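What follows is one structure encoded as structure tokens, with my remarks underneath.
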Amino acid sequence: MGDRIARSCAAMLLAGVFWAGGAQAQDAKFDAAKYFAGKTIRMQVGFGPGGGTDLQARHFAANWGKYMPGHPRFQVTNITPNTASANRLYKSPPDGLTIELTGSPNVTNQFTVPQAEYKVEENRMIGTHVASASILFAYKTFPYKTLREAVNGKEVIRMGWRTPSQSSAMRMAALSEWLNIPMKFIPGAAGTADSLLELERGDTNVWMPGGAGTAWFGLPVMRPGWLKDGTVRPFAIIEAPDVEVRPNKEISMPADVPYVADLIQDPEHRRQFIALSNLIDRYSKIFMAPPKTPEPIIQAYRTSYEALLKDKEFADKLEVLQGDPVQFTPGDVVERDIKQMVKDYVEFQDQFKIWEEWARKRF
Amino acid sequence: MLDTILAGLGHLATFSYWGALLTGVFVAALIGLLPGVGTPMIMAIAIPFILFTIDDPLIGIVLLATIGGVSSSLDTVPTILLGYPSAATQVTFLEGHQLAERGKAAHTLGATYAAAGLGGIVGAIALVLVIPIIRPFILNFGYSEIAAMAIFGIAMVSVLSSGAMAKGITAGMIGLLLSAVGIHWGTGTERFTFGDLNLSDGLPMIAMTLGIFALPEVFDLTATGKPVSSKGVAMVSNKEVVEGAKAGFKRWKITVRHSLLGVFLGMVPGIGGAVIDWLSYAVGVALSKDKKQFGRGSLDGVIFAESAQNSKEGGQAIPTLAFGVPGGLSWVFILYAMLAYNIAPGPQMLDRHADITIMIAVSFGIANLIMVAIGLCMTAQLAKLTTIPYIGIAAVILPISFLSAFQSGDGWFGILILLVFAPVGLLMKAYRWPRAPLILGFILGGVIEKNLQSAISAHGAISFITRPITLTLIVITVATTILLMRSNRSTAEALQDDEDLAAAKAHASLSLRERLLAPWRGEHWFTLGLMAVAVYGILGSSSYAPSARFLPIATCSIVLALMSFQLLFGRGRRTGKIMDIGLRSALVPEAVRNGIKLAVAMAIYLLAIGTIGLMWGSILFAICMPLAMMKGRSAVITSIVGGIIVFGMSYGLLDYYMGVYWPEPYLGEWIEKIFK
């Protein structure tokens, strides 16, 4: 009984906070400059200090205030693990003083991590600035030129993953089943540098950059000359076929490199594969605000975010930091796509469990 | 390449280079001197500033590398003077702090600077010499070699367990078991996480080492009610510091030997600073003729650790620059800065970017020399800290420990880990259990398990025999273990005094019946507690996938076997001297009274952070504790200085710069509800 009363009180208190923040912001005469002046905005990152997402967040934090009405101060807060950060954002008051830069849309974790207490489709999206280009690479010693040649092949593809529940590992396991490609997963690499070393050492022969792939654009910086001299070569395009892969600093995408989805004959399998690929690759760095953040506040963020990305000096440095071209996608588009991703996940989640089992078998 | 190198060296004549170098050294010195301030935290704050304000890549990278590269030079100061070890200075604490207690703080620190400085220079030279030839070695040093190397590290547990072999091995096994906490690579099995998200990434090392090592020392020293050194200020002089440095330089042969070991260990992925000092120390002890000196305050022991600890930075730079695989946490930041400046690691670091490679090495050398000079200049003053009552130091160090632990985990989690492991560390001290094997097992356990699994998965179990480097390492490990076992008896005997030896002899003469009927003491309950953990480990992991349950079941079985034997037949046996510091306050008559006072102060502190929050509770504790527990003007001065330090760390660094989410005060919420 007491617990129920306490919970009711807490709910009323929370509702009051939402109402207060919301009412202030939804006022027809909402003055964003006045509202944000002198405030500190907490920019959450679900990774430790020093990683790619953290440094991007620090770059944004140092510059966003110039374009935001009222010129508030932005302060980066690291919260690990990633799911804890997503939980915290979801539960934050919708007063516009807490936002998050995520490393992925966080859709999969919502369903697979038991401790996830958020619904990402309810979050408000400010936008994203990373182009998508997820590519499968093969090392020079691997006999097949492209994935097309590996279909029904005999040579075993060896790739490094951490766990079978990694979405990318699940996706590759499904490909292996459907296209009859022998695959073996090695539990090893902890990041891009380790993965590249695995290739050189011969532990693996094919590399799929984890999460939303940025390696297509980043590889010429990390390993200059590798793509040009054929040390690694693009082996397949993981993206949905409607995503065009632009040239990087060294090469254009060779014409014979297939979109994976085009190799899948069964329309239902193809649909599932594209759905999961969208979940993993479509967006990586997204700025989000808590659910129910009022429209005027979101608009202030979206407008200033777009203006910031148009600042050439800022964008040039961001491009160097992220290793990818800056490509703005407005928040309303991201919001719509994420809702679709969640629907897709719910529709295919039983299927994904089977894929996880397939991945488990390959470890 | 020569032109590029000369162009790099040309920076030595520029103001911007010296500005960057001196700034880096200054920041690194602050990191080392202030307990609880971690290098990664400062580098994370510095990196955007560097990337966006310094256009010359060489200057930006040198600044960042200097911060990361020499920040461990002065962390010996709080360790030796205040008995407050960090994860990377546990050996220095074991040997160096005992020397400080005997009034040799200044002398020890002088020697430490010499060893650290020489170590840093050896690391820098090794970096330049090794990079051109390292590529084939790294390409042949894969998962099986790393696993074999870590197993070699585990073999060193036997050295560190001298004097209490069964306890040491058990502690090592418990460390291995603790390394299993979190998500298992390859199967995704959540092991011992109790559904807690924070545990899915494993136990936070900072909070755990603070709990096992630092906090028990602070409690123990506070309970003695005395300063660290009872010898007075007479021994604290510049002359003493210089004498210490001379003593350090005189031991240049062992410094170079252990620096080279540090370079090698630094190159091996996963073997971080928290174990390099122990491994270097263990090798040093094994190779020493006079083993009696160790574990009770040995300058050689400090030099083994410090030379390796400082030279490892050069070693860690090698895989970072040659392959883009960061050798340590600091190098993750440096690598990121390099990529952001469009500088790719790899062969071009000896060609197009040879200027950067050479200047990192040169800067390491210069920065280490500057650090030695800084240390020599200020130690005489700092060493006076050992002569003030420890309670004043505890008033600052205790809240800083809590703030550090909090920062290592989300919310209350880090503090909870600290509160769980501090009593364990205290009991281990009280019952003479060596703590080093536990840390060694904890850190190397993950390295062994993951790499074994990856090696078997990638190349099959046969690779342990077919790969030449792996096979060599395995042979070395087996041979070393046999040799260590042989020499271990003499080490154990050397550690004991006559009384210990007599007690051991008396126990050996007991009949089986007498041994079985020996009385139960507190330490046996502690042993029983560990056995209960082992039983839980076996039962809890029985449902895991086979590869996920192997480590917990194997380690727990060894713990059960050893401890059952110990409880049944070794109960009457007294543990003599071990490679650790026992409970000093046990010999002080007023320790109980001081302990009760400290317990009350801690209870009030926990109450304060539970009501007004961690930040303000910590500041209040640093201000009030000296006023309540000290007398006279020193109480007021300690209160003001302590308050400023804790305020600076909690508000200035954590709140303003790091923007941390302070944990909600648990009691505050309840009180709020009651009044509403």
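No value in this document is a laboratory result; all are computed from the given coordinates. This one's a predicted model, so the numbers in the text were calculated from it and none came from an experiment. Every residue, glycine among them, receives a Cβ derived from its backbone with ideal geometry; neighbour counts consider all protein chains shown.
The residues packed around residue B:42, meaning those with a beta-carbon under 15 Å from its beta-carbon, carry a net charge of -1 if Lys and Arg are +1 and Asp and Glu are -1.
Taking the convex hull of the alpha carbon positions in chain A and averaging its projected area over all directions gives 19.5 nm². Projected onto planes of every orientation and averaged, the convex hull of the alpha-carbon atoms in the range A:84-229 covers 10.4 nm². Rg/Rh for the range B:252-349 stands at 1.11; both radii use Cα atoms, and Rh follows the Kirkwood definition. What does the C-alpha gyration tensor say about the overall shape of the range A:237-363? Classify as rounded when a/c is under 1.5, otherwise prolate if a/b is larger than b/c, or oblate. Oblate. Using a Gaussian network model of chain A in which every pair of alpha carbons under 10 angstrom is joined by a spring, one finds that among A:216, A:161, A:178 the greatest mean-square fluctuation is at A:178. Pairs exceeding 31 Å between alpha-carbon atoms, taken from B:384/B:429; A:228/A:317; A:285/A:312; A:249/B:450; A:39/A:91: A:249/B:450. Comparing the range B:537-642 with the 2.2 N^0.38 Å rule of thumb, its C-alpha radius of gyration ratio is 1.77 (two decimals). Measuring from centroid to centroid over Cα atoms, what is the spacing of the range A:189-206 and the range B:550-586 in Å? Between the Cα centre of the range A:189-206 and that of the range B:550-586, the gap is 41 Å. For chain A, the longest principal axis of the alpha carbon atoms and the long axis of helix A:312-322 meet at an angle near 50°.
With R₀ fixed at 56 Å, the C-beta to C-beta distance from residue A:351 to residue B:525 puts the FRET efficiency at about 0.60.
When only alpha carbons are used to place a centre, the range A:312-344 and the range B:426-464 end up 42 Å from one another. When the alpha carbon gyration tensor of the protein assembly as shown is reduced to an equivalent ellipsoid, its three semi-axes come out at 46, 35, 31 angstrom, largest first. Between residue B:637 and residue B:536, the contour length at 0.36 nm per residue exceeds the Cα-Cα span by 31.4 nm.
If R0 equals 22 Å, the separation of the Cβ atoms of residue B:253 and residue B:137 corresponds to a calculated FRET efficiency of about 0.30.
Across chain B, the mean sequence separation of Cα contacts (distance under 8 Å, 6 or more residues apart), normalised by length, yields a relative contact order of 24 percent. Cross-linked pairs A:66/A:119; B:104/B:239; B:104/B:246: Cα-Cα separations exceed 20 Å for A:66/A:119. Search the structure for amide H atoms under 5 Å from the amide H of residue A:183, placed 1.01 Å from N in the peptide plane, and list their residues when 5 or more places away or on another chain. Under 5 Å from the amide H of residue A:183: A:157. Estimated from the Cβ-Cβ distance and a Förster radius of 45 angstrom, the FRET efficiency linking residue B:478 and residue A:332 is about 0.10.
With a bin width of 10 angstrom, please list the P(r) values of the range B:397-441 as percents of all Cα-Cα pairs, from the 0 bin to the one holding the largest distance. All Cα pairs, binned at 10 Å, distribute as 27, 43, 28, 1 percent.
Applying the Karplus relation 6.51 cos²θ - 1.76 cosθ + 1.60 with θ = phi - 60° to the range A:184-189 yields 3J(HN,Hα) values of 9, 9, 10, x, x, 4 Hz, where x marks Gly and Pro. Rounded to two decimals, the Cα-based Rg/Rh of chain B, with Kirkwood Rh, is 0.96.
Using a 7 Å offset from Cα along Cα-Cβ at residue A:141, what residues in the range B:432-463 end up with backbone N under 13 Å from the label point? Residues passing the 13 Å test: B:459. Phi-derived couplings, Karplus 6.51 cos²θ - 1.76 cosθ + 1.60 at θ = phi - 60°, listed residue by residue for the range B:432-448: 6, 9, x, 8, 4, x, 4, 5, 4, x, 4, 7, 6, x, x, 5, 5 Hz, with x used for Gly and Pro.
Spatially, the range B:176-205 and the range B:17-62 are offset by 33 Å when compared through their Cα centroids. Per-residue Cβ neighbour counts within 10 Å put B:624, B:556 in the sequence B:624, B:556, beginning with the fewest.
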